[in-house]
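The values are calculated or read from the model by the stated rules, or taken from the named source; none is laboratory data. Just so it is clear, the model here is predicted, and its values are computed rather than measured. Cβ sites come from the backbone with ideal geometry, for glycine too, and all protein chains shown count toward neighbours.
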Amino acid sequence: MPKVLITGGNKGIGFATTTCFLHHGYDIVIVARDFSAFPLHAPQVQQVRFDVRHYRDIPRVASEIGAIDILVNNAGIMPALPYDHYPDDDVDAIVAVNLRAPVAFIQAFAPGMVQQQSGRIVNVASIAGQIGHPDIWYGITKAGVINATKSFAKLLGPHGIPVNCVAPGPVEETAMFQVIPHLQATAPRTVAAQTSA
C-alpha cells in the first residue's frame, strides 16, 4: 500500500485528511506532539510523537520513518497575538512550526522521491497567506509556505514529483478557529475587516 505522512494529522484539517487517506487504503504516518485525544486506532496508522518546533531533528525522524509516497505538511500554530505585543519566543515558535518544519520535511523526504522518480507533496497554507491576517506572523509564515511550494514545484516537478498547496479559510470546530474572534477584537478595525473571510 502507498504510504503517506501527515504532520498534525491528529486533529482539525489534519485529522480529516487522515480519515480520508484511511478510507482509501493508505498506510499512514501521523507526526504530532500529542495523541491523548486522538480518537482513531487502526493498524495501518502509525503515531509518531514529535514536536515539529524542533525542526533540526526532522532528518533523524525521517530516517526512522523511512520512505514515503506522499507528504502532507499540515501542522501549524497561531498564537493569535496582536502585532504590537508579539514576544520573540512566539515569533520563533510560529516560524519554526509553520515554515521551517515544512521545508525541513521536504528536504528530508524529497531525495528519496527523486530517487524513485515518484511522489507527491501537499502543503497546507491558508488564505491568510494571500490576503493578510490580524496575526501578522501567521500570515507571513503561510505566505512563505505558498512561495516555498512554488519553488519546490519548479525543483521537483521535473523529477515526477508534483508539489501543490491548498489555502483554506477558517474551519469551524477547530482550536485555531476559536482564537480568531479574540484576535480580531484586539486588532485594529481595518485589519479585522480585511480578514473577516
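Working only within the stretch 16-60, note down all residues that are touching a residue at least 40 places away in the same chain (Cβ under 8 Å) and basic (Lys, Arg).
Of everything in the stretch 16-60, those that are touching a residue at least 40 places away in the same chain (Cβ under 8 Å) and basic (Lys, Arg) turn out to be Arg53, Arg56.
Is it the case that the stretch 75-84 has a residue that's within 30 Å of Gly160 (Cβ to Cβ), in a helix (DSSP H, G or I) and out of contact with any Leu (no Cβ under 8 Å at 6 or more places or on another chain)?
Scanning the stretch 75-84 turns up no residue that is within 30 Å of Gly160 (Cβ to Cβ), in a helix (DSSP H, G or I) and out of contact with any Leu (no Cβ under 8 Å at 6 or more places or on another chain).
Considering only residues that are surrounded by fewer than 20 Cβ atoms within 10 Å (Cβ to Cβ) and within 17 Å of Leu5 (Cβ to Cβ), which ones fall in the stretch 153-167?
Leu156, Pro162, Asn164, Val166
Could you tell me which of the residues Lys150, Lys142 is crowded, with 18+ Cβ neighbours inside 10 Å and among the charged types (D, E, K, R)?
None of the others qualify; the one that does is Lys142.
Here's a check for you: in the stretch 17-33, which residue that is in a helix (DSSP H, G or I) and surrounded by 14 or more Cβ atoms within 10 Å (Cβ to Cβ) is farthest from the chain's Cα centre (by Cα)?
Leu22
Would you mind telling me which numbered condition in (1) farther than 30 Å from His159 by Cβ; (2) in contact with a helix residue (DSSP H, G or I) (Cβ under 7 Å, 6 or more places away or on another chain) Ile106 fails?
(1)
How many residues does the stretch 116-151 hold that are under 20 Å from Gly12 (Cβ atoms) and not in a helix (DSSP H, G or I)?
So the answer is 10.
Anything in the stretch 51-67 that is surrounded by 20 or more Cβ atoms within 10 Å (Cβ to Cβ) and more than 13 Å from Gln107 (Cα to Cα)? List them, or say none.
Once the filter is applied, which keeps residues that are surrounded by 20 or more Cβ atoms within 10 Å (Cβ to Cβ) and more than 13 Å from Gln107 (Cα to Cα), the stretch 51-67 yields only Val52.
Within the group Ile140, Ile131, which residue is out of contact with any strand residue (DSSP E or B) (no Cβ under 7 Å at 6 or more places or on another chain), over 25 Å from Val4 (Cα atoms), at pLDDT below 95 and of a type outside the set (Ser, Thr, Tyr)?
Exactly one residue qualifies, and that residue is Ile131.
What residue, among those in the stretch 34-50 that are surrounded by 14 or more Cβ atoms within 10 Å (Cβ to Cβ) and under 16 Å from the mean Cα position of the chain (by Cα), is nearest to Met113 (Cα to Cα)?
Among those that are surrounded by 14 or more Cβ atoms within 10 Å (Cβ to Cβ) and under 16 Å from the mean Cα position of the chain (by Cα), it is Val48.
For the stretch 116-123, state whether one or more residues are farther than 21 Å from Cys20 by Cβ and either modelled with pLDDT under 95 or surrounded by fewer than 23 Cβ atoms within 10 Å (Cβ to Cβ) (or both).
Checked the stretch 116-123: at least one residue is farther than 21 Å from Cys20 by Cβ and either modelled with pLDDT under 95 or surrounded by fewer than 23 Cβ atoms within 10 Å (Cβ to Cβ) (or both).
If Met113 satisfies every condition in (1) in a helix (DSSP H, G or I); (2) within 23 Å of Leu22 (Cβ to Cβ); (3) out of contact with any His (no Cβ under 9 Å at 6 or more places or on another chain) but one, which is the exception?
So Met113 meets the others, but not (3).
Kindly establish whether Met113 is in contact (Cβ under 8 Å) with a residue 40 or more places away in the chain, hydrophobic (A, V, I, L, M, F, W, C) and touching a Phe, Trp or Tyr at 6+ places or on another chain (Cβ under 8 Å).
Taking the combined requirement at face value, the residue does not satisfy it.
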